[in-house]
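Here's the structure, in structure tokens; my notes come after.
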Amino acid sequence: MKPITQTLTELTAAAFAQCGYDPALGVVGLSDRLDLCQFQCNGAFAAAKQYHKAPFVIAGEVAAVLAENLIFAEVQAVRPGFLNLTVTDVFLAEAAKTQMADPHLGIHQADFPETIIIDYGGPNVAKPLHIGHLRSAIIGEALKRLARAVGHRVLGDVHLGDWGLQIGLVIAELSERYPDWRCFAPDFDPETETVSALSAADLNEIYPFASKRSKEDAAFKEKAHLATCELQSGRPGYIALWKEILRVSVADMKGNYQKLGVDFDLWYGESDADRYVEPLMALLDEKELLRRSEGALVVDVAEEGDKAPMPPVIVRKSDNSSIYATTDLATIMQRQQDFSPNRIWYVVDKRQELHFTQVFRCARKAGLIADHAELAYLGFGTMNGSDGKPYKTRDGGVMRLADLIAAVEEAAGEKLAGSAFVSEPERQETARKVGVAALKFGDLINQRGKDYIFDLERFLSFEGKTGTYLLYTVTRINSILQKAGGGACQLFGIYNDADRELWLNLLLTGAVFERAFEEKAPNNLCENAYQLAALFSRFYHDNHILAEEDEKKRESWLALCRMVKKVLEKHLDVLGIETVERM
């Protein structure tokens with residue numbers, strides 16, 4: 001289904017052409033002043049410069065052509081050159097019926113579906129997830145669902161940090177605590193021997209201890225580096241232990257991500273890209289891109305026009321080891337070979353912009369990915385406390401993600417404690433959904449690149465731009481439909497300003513989703529979902545839906561309620577937010 005603005009743009013473009021002007025000038029958008037008109041075209045201003053005519057004259061010529069079309073209730077040329085358009089209720093109702101019958105709810109599906117890989121998450125194995133992992137996870141998940149909603153093939157990759165020093169630190173510490181474990185013996189046989197089982201609690205204690213110890217004990221730090229090197233060289237016992245660490249860590253991560261409604265299609269890690277490192281280095285050498293600098297191998301990526309110095313990207317350190325840039329380049333090779341993506345998006349902290357600029361430029365120079373493919377760095381800001389600094393626990397530490405999720409669930413439970421609509425058996429599950437909705441919407445409503453203040457009390461409010469308010473709106477519609485007795489609802493017409501404006505908003509759903517995808521901005525969906533909920537609240541208060549005696553009007557309003565519910569739920573689903581039946 002085409003967005004209503006696209007239909008009107010095509011008609012207006014044809015009118016511009018009929019008057020002898022460039023049809024590209026006929027772009028139509030929703031009016032900023034719905035009290036004056038529903039839609040607006042400002043193309044006459046650009047045409048005035050191009051054709052040396054007053055914009056009001058051009059707008060008047062185009063308006064005369066459009067006025068002959070019966071879909072318009074009113075067409076006005078307004079000084080100094082605005083073109084104001086209002087469609088008939090009959091046209092609006094027919095468009096609404098088409099949207100109601102559309103399985104995609106008016107969201108246009110891509111004419112040429114692309115393969116998109118979204119790299120988000122980025123946790124390190126052996127470490128517990130903390131609140132620094134929150135934004136990447138929920139922004140990346142929303143972008144993945146958004147791209148799918150508009151018809152693309154999308155793969156979300158967690159991109160685990162599973163092959164670096166943190167593993168060596170854990171192995172070194174375990175070898176000190178349990179020197180008799182067979183996995184530390186030189187003759188360990190992975191075919192006949194197993195490693196001792198670990199738990200998430202073990203790793204959550206061992207890694208911080210080992211990390212702190214490495215900063216104070218030079219010998220232990222060297223032992224951890226050696227363990228990392230031997231692991232990456234394939235030492236059997238270390239590989240077996242690494243697999244156990246990986247098993248435990250991934251299971252723990254999946255549990256926390258599941259609570260957030262985050263799901264990855266690919267659980268690849270740096271280790272999966274390791275076999276591409278040598279082919280990468282050979283390719284860089286073949287293309288004569290490598291040069292030696294202070295013992296390291298680097299690739300120059302500075303370009304003419306750079307406004308600031310652009311350092312070369314290091315692809316191999318002086319000790320012959322690889323770094324993040326090497327792994328990221330090797331991963332691009334892997335993704336190109338496995339999936340031939342049209343786009344790869346990286347959802348990462350905005351402080352990593354330099355790193356990804358270097359990596360992308362090196363990838364382009366080396367021809368690691370098709371020329372037409374997009375490599376996009378989608379940086380995000382930080383979640384801050386009331387002091388404006390990155391959010392911390394009360395004792396100043398970094399909060400674990402599991403603890404944050406538990407805190408929002410508990411706060412939501414307290415909020416729902418006095419509800420007469422939620423039974424005791426369902427209270428815990430409802431509190432989980434409400435808490436996560438508050439947390440995610442409170443994050444996603446912000447422009448991606450900006451920092452924001454974490455304010456759980458405000459996020460849980462039943463008023464304003466909150467996930468709680470949106471869930472409440474859905475439950476209110478559930479109540480109306482249940483009291484109405486269900487069944488099919490038919491739209492017979494549009495009856496007042498409140499339902500007219502609500503249908504206009506619904507019919508713009510496709511355009512909102514398209515813009516959100518193009519801008520890679522889930523906050524557009526948050527804003528639109530809130531506007532839809534607020535318009536429904538006005539409609540609900542202005543009309544006595546269930547008490548309406550006119551059967552056609554009542555059924556039309558119930559059809560509108562049902563459609564608002566569907567479209568709101570679509571917004572929330574793409575944002576990764578589950579709805580509740582009552583609250």
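A few notes on this one:
- Boolean, K49 is over 30 Å from A488 (Cβ atoms), open to solvent by 70 Å² or more (accessible area, probe 1.4 Å) and part of a helix (DSSP H, G or I): yes
- Residues of region 17-33 that are within 31 Å of the chain's Cα centre (by Cα), farther than 13 Å from Q76 by Cβ and not charged (D, E, K, R): V27, V28, G29, L30.
- Enumeration of residues in region 170-206 that are of a type in the set (A, V, I, L, M, F, W, C) and within 15 Å of K223 (Cβ to Cβ): V170, I171, A172, L174, F184, I206
- Across region 227-238, the number of residues qualifying as closer than 19 Å to Y178 by Cα, in a helix (DSSP H, G or I) and open to solvent by 50 Å² or more (accessible area, probe 1.4 Å) comes to 2.
- The residues on offer are E173, E193, and the sole one that is charged (D, E, K, R) and assigned to a helix (DSSP H, G or I) is E173.
- Residue pairs meeting the criteria (Cβ under 8 Å; at least 6 apart or on separate chains; first at pLDDT below 90, in region 422-436; second surrounded by 15 or more Cβ atoms within 10 Å (Cβ to Cβ) and of a type in the set (V, I, T)): V422/T430
- Positions within region 377-386 being open to solvent by less than 10 Å² (accessible area, probe 1.4 Å) and either of a type in the set (A, V, I, L, M) or within 18 Å of R335 (Cβ to Cβ) (or both), in sequence order: L378
- Qualifying positions in region 205-226 - within 37 Å of the chain's Cα centre (by Cα) and open to solvent by less than 30 Å² (accessible area, probe 1.4 Å): I206, A210, S211, S214, A224
- Residue in region 8-40 that is surrounded by the fewest Cβ atoms within 10 Å (Cβ to Cβ), counting only those that are touching a residue at least 60 places away in the same chain (Cβ under 8 Å) and part of a helix (DSSP H, G or I): L11
- Subset of region 538-571 [within 37 Å of the chain's Cα centre (by Cα), in contact (Cβ under 8 Å) with a residue 40 or more places away in the chain and over 15 Å from K97 (Cα atoms)]: R538, F539, Y540, D542, N543, I545, K565, L568, E569, K570, H571
- Between L129, L169, the distinction of being in contact with a helix residue (DSSP H, G or I) (Cβ under 9 Å, 6 or more places away or on another chain), at pLDDT below 95, under 30 Å from I118 (Cβ atoms) and surrounded by 22 or more Cβ atoms within 10 Å (Cβ to Cβ) belongs to L129 only.
- Of all the criteria given as (1) open to solvent by less than 20 Å² (accessible area, probe 1.4 Å); (2) closer than 27 Å to R432 by Cβ, the one not satisfied by N523 is (1).
- Qualifying residue in region 82-100 (condition: touching a helix residue (DSSP H, G or I) at 6+ places or on another chain (Cβ under 7 Å), free of Cβ contacts under 8 Å to residues at least 60 places away in the same chain and not in a helix (DSSP H, G or I)): yes
- Boolean, L241 is of a type in the set (A, V, I, L, M, F, W, C) and either surrounded by fewer than 17 Cβ atoms within 10 Å (Cβ to Cβ) or in contact with a strand residue (DSSP E or B) (Cβ under 7 Å, 6 or more places away or on another chain) (or both): no
- With respect to the stated conditions, P103 is open to solvent by 10 Å² or more (accessible area, probe 1.4 Å), free of Cβ contacts under 8 Å to residues at least 12 places away in the same chain and in a loop (DSSP other than H, G, I, E, B).
- Residues located in region 59-79, provided they are open to solvent by 50 Å² or more (accessible area, probe 1.4 Å) and in contact with a helix residue (DSSP H, G or I) (Cβ under 6 Å, 6 or more places away or on another chain): R79
- Scanning region 551-583 for residues that are more than 30 Å from I138 (Cβ to Cβ), open to solvent by 70 Å² or more (accessible area, probe 1.4 Å) and touching a helix residue (DSSP H, G or I) at 6+ places or on another chain (Cβ under 9 Å) gives no hits.
- Note on region 393-508: enclosed helices (runs of 4 or more DSSP H) holding 2 or more residues that are of a type in the set (A, V, I, L, M), surrounded by 14 or more Cβ atoms within 10 Å (Cβ to Cβ) and under 27 Å from the mean Cα position of the chain (by Cα) are 401-416, 424-444, 467-484, 497-507.
- Looking only at region 227-264, and only at residues there that are of a type in the set (S, T, Y) and closer than 24 Å to G121 by Cα, the one that is nearest to the chain's Cα centre (by Cα): Y257
- One residue alone among E578, E519, E549 is in contact with a Gly (Cβ under 9 Å, 6 or more places away or on another chain) and more than 26 Å from T86 (Cβ to Cβ), and that residue is E578.
The values are calculated or read from the model by the stated rules, or taken from the named source; none is laboratory data. If you're wondering where the values come from, they're calculated on a predicted model, not measured in any experiment. Every residue, glycine as well, gets a Cβ built from its backbone with ideal geometry; the counts of neighbours run over all protein chains shown. Note: areas computed on protein heavy atoms with side chains; ligands, DNA, RNA excluded. Shrake-Rupley method; radii C 1.70, N 1.55, O 1.52, S 1.80 Å.
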